[in-house]
1. Please give, to one decimal in nm, the separation of the simple spin-label points placed at Glu158 and Ala110, each 7 Å out from Cα toward the Cβ.
2. Rounded to two decimals, what ratio of Rg to Rh does segment 171-278 give with C-alpha atoms and a Kirkwood Rh?
3. Would you kindly work out the equivalent ellipsoid of segment 378-438 from its C-alpha gyration tensor and give its semi-axes, the square roots of five times the eigenvalues, largest first in whole Å?
4. To the nearest Å, what is the center-to-center distance of segment 34-82 and segment 387-402, using C-alpha atoms only?
5. Mind putting a number on the dipole of segment 324-426 about its Cα centre? Charges go on the C-beta only, +1 for Lys and Arg and -1 for Asp and Glu, and I need it in Debye to the nearest 20.
6. Any idea how far apart Arg230 and Glu454 come out in nm if each label point goes 7 Å out from Cα toward Cβ?
7. Which shape class, rounded, prolate or oblate, goes with segment 414-462 when its Cα gyration tensor gives a ≥ b ≥ c as root eigenvalues, a/c under 1.5 marks rounded, and past that a/b bigger than b/c marks prolate?
8. P(r) for segment 34-132: what percent of alpha-carbon pairs falls in each 5 Å bin, starting at zero?
Amino acid sequence: MPGRAFHSLLEEGTLTDYRSRSLWLDGVPGELTPRPALGQALDVDVAIVGAGYTGLWTAYYLKKADPHLRVAVLEREIAGFGASGRNGAWCSSFFAGSRETTAKRHGREAAIAMQKAMFDTVDEVGRAAEEEGIDARFHKGGAFVQASTAPQLLRAQEEIEYERSWGFGEEDYRLLSAEEARSRIDATGSLGAYFTPHCASVDPARLARGLADVVERLGVPIYERTPVLRLAAGRAETPAGAVTAEVVVRATEGYTVELPDFERALLPLYSLMIATEPLPADVWDAIGWREHEAFNDERFLIIYATRTEDDRLAIGGRGAPYHWGSRVSDDFVRQPRVFEALKGVVRHLFPQMGDFAVTHTWGGPIGIPRDWYSSVGLDRPSGRAWAGGYVGDGVSTTNLSGRTLRDLILGHDTELTALPWVGHRSPLWEPEPLRWLAVNAAMKAMASADSYEERTGRPSRRATLVKKLIGA
Ligand SMILES: Cc1cc2nc3c(=O)[nH]c(=O)nc-3n(C[C@H](O)[C@H](O)[C@H](O)COP(=O)(O)OP(=O)(O)OC[C@H]3O[C@@H](n4cnc5c(N)ncnc54)[C@H](O)[C@@H]3O)c2cc1C
């Protein structure tokens with residue numbers, strides 16, 4: 001049982017090194033000393049399991065709306081320990097969930113409303129952080145998706161046409177010419193870029209830790225080092241006893257599989273990152289990147305990068321193997337092959353950097369639902385609430401989750417509760433060995449599609465086909 005394994009690790013003292021979990025956690029000022037664990041059984045109105053952004057935003061908006069509500073957060077390690085303290089810093093307006101599917105089920109207007117809600121959410125993260133004095137280093141510089149090969153440029157053009165077909169104009173998405181793109185970020189082989197202003201960069205751990213402090217100040221206890229061993233209607237069981245509540249919110253994302261009865265709910269996939277040392281001003285003058293845009297390119301096996309406040313380049317990518325049985329472990333973030341590949345990507349894209357040292361390598365699990373569609377919801381009769389399945393795009397979406405769960409829990413019908421992802425139920429993942437075979441084969445296919453396109457300059461149909469087959 002995961003809870004038991006966790007306790008023996010605690011006794012050995014191996015889980016205390018929280019700073020080593022990411023560049024961002026390493027840079028958080030002050031101590032990362034865990035808050036007190038839950039010592040006894042507890043009864044509250046709302047119990048939230050997981051102190052990542054989902055759990056913390058939910059606690060925040062609930063308590064702001066109703067200061068009398070008794071809310072408690074239960075966290076197995078410390079606030080921001082999970083993906084929220086480790087991510088790629090993109091607070092983007094990308095929603096993980098097909099617009100076509102949304103339109104088919106709920107109509108075209110609902111699909112457009114969902115996207116607009118995501119635009120607003122980026123701003124709301126910045127607004128709330130500022131209002132609460134959280135030093136999240138929020139900077140809205142947009143997202144820049146470079147096209148480095150002819151097929152990538154074609155995809156960027158198609159994506160812009162696609163946005164136009166949904167009624168989004170130049171102010172939301174536009175194609176930058178090669179010259180415009182290079183004047184923003186001078187990366188090797190740039191043929192142009194897809195650009196949206198609806199994206200900000202943040203310091204992930206400062207956001208998570210700062211938000212936790214705010215939530216605590218609002219009167220919500222955060223019990224750290226408090227693993228929830230089992231969830232049931234109106235009940236979260238911990239080693240210190242049961243927490244009973246009218247509503248129990250599951251906010252455990254990539255770790256959800258470790259909870260009994262949720263083994264096939266979300267597939268944990270590891271995303272890995274490296275960060276360089278701070279780079280000198282002349283290097284940045286040569287590259288540009290003045291607006292700290294979120295950067296990636298149109299390759300299939302995703303990479304994502306950001307210029308940090310202290311002038312490092314932090315870059316991440318998928319490509320770590322999926323582990324049999326959806327196992328989750330921080331041992332899985334040690335993937336020298338992937339880190340070397342990311343270093344190679346940096347060298348190739350930014351030769352201006354010359355020799356550089358990599359000071360941090362890390363990673364963490366993202367949560368993927370079977371239909372690649374994020375969701376939030378509350379089953380009122382059982383009091384079970386959830387949010388997640390963000391497929392690696394949760395930095396902003398978690399904020400929308402928090403506001404939506406507030407409205408659902410308080411019983412308010414609002415624009416947010418009418419959004420099409422509310423109450424969506426994703427199917428379960430297949431049992432093994434199917435899951436293992438399909439996911440690892442799909443990742444291999446993406447990587448080989450990228451090298452095919454680089455080699456031949458022709459679009460790969462294989463990647464599109466594989467994406468269709470796995471429902472991505
Ligand atoms: C390397 C990496 C890069 C990423 N880059 C981006 C990006 O650039 N942009 C973007 O939008 N998204 C990105 N993501 C995804 C994003 O970080 C997540 O979608 C988001 O942080 C999810 O927040 P959460 O609160 O739902 O989950 P988490 O932050 O994972 O929090 C879940 C919490 O639940 C706790 N928990 C789990 N099980 C239990 C239990 N049984 N009992 C008690 N507590 C428990 C965990 O310890 C954890 O603290 C990235 C993720 C990773 C790993």
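1. Spacing of the two 7 Å Cα→Cβ label points: 2.7 nm.
2. 1.15
3. Values: eigenvalues 146, 44, 16 Å².
Working from the Cα gyration tensor, I get semi-axes of 27, 15, 9 Å.
4. First find each Cα centre; the distance between them is then 17 Å.
5. Details: 11 positive and 10 negative charges, 45 e Å.
In total the dipole reaches around 220 debye.
6. 5.0 nm
7. Numbers: a/c = 5.65, a/b = 1.67, b/c = 3.39.
Taking the square roots of the gyration eigenvalues as a ≥ b ≥ c, segment 414-462 is oblate.
8. 2, 10, 15, 18, 17, 15, 12, 7, 2, 1
The values are calculated or read from the model by the stated rules, or taken from the named source; none is laboratory data. Note that this is a predicted model, so its numbers are computed, not measured. Cβ: placed from backbone, ideal geometry, glycine included. Neighbour counts: every protein chain shown. Each accessible area value is taken on the protein alone, full model and side chains, heavy atoms only, with ligands, DNA and RNA left out. Shrake-Rupley method; radii C 1.70, N 1.55, O 1.52, S 1.80 Å.
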